[in-house]
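To start, the structure itself, in structure tokens.
Where a number appears in this text, it was derived from the coordinates with a stated rule and is not lab data. Keep in mind that this is a model prediction, so the values were computed, not measured. When we count neighbours, we look across all protein chains shown, and the Cβ atoms used for this are built from the backbone with ideal geometry, even at glycine.
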Amino acid sequence: CDEQGNPIHHNAVPPPRDDPEPNDWSPFESSAHFELADFLYKENQMLAGNIDKLLKIWGQHAASTGGEAPFQNHKDLYETIDSIPVGDVPWQSFNLSYSRSRPNLEGVDDPAWMDDTHAVWFCDPHELICNLLSNTDFDGKFDYTPFQEYDDKGSHRYQDFMSGNWAWRQAANTLGAMFVPIILGSDKTTVSVATGLNEYWPIYLSIGNIRNNVRRAHRDGLVLMGFLPIAKTISGMLKSLHPAFTTPEVARCPDGHFRRAIYGAGPYIADYPEQCMLSCLVQGWCPKCMAPSNNLEQDSITRTQKLAEELSEFHELGELWARFGIVGDI
């Protein structure tokens, strides 16, 4: 389609991109300034204090010949990087706190976590996905529709995300639009300690249209979306995507064409400790079914949120932990 969503001829040439000139290094004054920023911030990851020291020495030497340092200090460097018009999506935040009913038990204080306020830092996932969709580096390595492949023996061959059964089943519900599966993932073993000794787990975002070999090799195929103080913050981060879950929007694609895109919540990738944390599960128990921790091969019913809530209503915390592997006081 065109930029307004109107159908175009299937042989139409994509409209030209409004890309900057090859020698346009703005907001940096020159390629040397850009390369210095890239080295200090990305390659060396120099501490802010050391950046200030280096630039101070640089400035003193440059002043003797009537020049000046490329940046005044680390703040000037960071602000210049943040002002790049094409690049990373800016960070934003919101606060989250408990707002449901409280126990109000006589003589017993409410759990401390009920009074906590969590600052949630994230990048707008809608803008992140638009950047992924429009990245020309993915041209020729991007699947616009679900597909199925079979080998010479008639066996279904799975390789890239869009070749899977789940993506294929969505096709009937997305006729006339490009389906964009959203893949999220986090890793409990990667922890950042912020001010106040709060722990945050990074959460990453990708889309299923990018082929697997590209996602593994290309750093821009998987992007940092934010940091999780608690698992419930994910829904707040994804609010900007809600309209496009049901109503297609026009997006530019790696091949330069515009397409009507509709998003879908795909898989969440997490290691076992992360699965336990997200599902309020005792370590050692299966996160998918109710099999006891000492006999995981036993046939058992599937775990669901509804089942966990019903068990929590009729059993004490100790019994929930020992018999069902549920952490009931979270």
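Summary of values
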quantity: Residue-averaged 222 nm ellipticity for the chain, from DSSP H runs of 4+ at -39500 (n - 2.57), nearest 500; calculated: -7500 deg cm²/dmol
quantity: Gain in span if fully extended, V282 to Q72, counting 0.36 nm per residue against the direct Cα distance; calculated: 70.4 nm
quantity: Residue (of A63, S30, T80) at the positive-pole extreme of the range 21-85, dipole from beta-carbon charges; calculated: A63
quantity: Kyte-Doolittle mean at least -0.5 and Cα axial length at least 20 Å: DSSP H helices in the chain; calculated: 48-63
quantity: Whole-number percent relative contact order across the chain, with pairs defined as alpha carbons under 8 Å at least 6 apart; calculated: 16
quantity: Dipole magnitude of the range 270-329, debye to nearest 20 (Cβ charges: Lys/Arg +1, Asp/Glu -1, about Cα centre); calculated: 120
quantity: Neighbour net charge for P111 - beta-carbon separation under 14 angstrom, K R +1, D E -1; calculated: -3
quantity: Cα pair distances exceeding 12 angstrom across the range 249-296, given as percent; calculated: 72
quantity: Computed FRET value (nearest 0.05) for L175 with L296, which takes r as the C-beta separation and R₀ as 30 Å; calculated: 0.10
quantity: Gain in span if fully extended, W91 to E249, counting 0.36 nm per residue against the direct Cα distance; calculated: 54.5 nm
quantity: Principal semi-axes in Å for the chain [√(5λ), Cα gyration tensor, largest first]; calculated: 41, 33, 18
quantity: Two-site FRET efficiency, S240 against S64, from Cβ-Cβ distance with R₀ of 56 Å, rounded to 0.05; calculated: 0.65
quantity: The range 250-298: relative contact order in percent, alpha carbon pairs under 8 Å with at least 6 residues between; calculated: 16
quantity: Debye, to nearest 20: dipole size of the chain, +1 on Lys, Arg Cβ, -1 on Asp, Glu Cβ; calculated: 680
quantity: Stokes-Einstein translational diffusion, the range 21-85 - Kirkwood Rh over all Cα pairs, 1.567 mPa s, 4 °C, in µm²/s; calculated: 106
quantity: Residue-span extension gain [D18 to C130] - 0.36 nm each, minus C-alpha spacing; calculated: 38.7 nm
quantity: Diffusion coefficient, µm² s⁻¹, Stokes-Einstein with Kirkwood Rh over alpha-carbon pairs of the range 1-143 at 25 °C and 0.890 mPa s; calculated: 119
quantity: Neighbourhood net charge (13 Å Cβ-Cβ; Lys/Arg +1, Asp/Glu -1) for Q148; calculated: -2
quantity: Mean Cα-pair separation over length for the range 21-85, i.e. relative contact order, pairs under 8 Å, 6 or more apart, %; calculated: 34
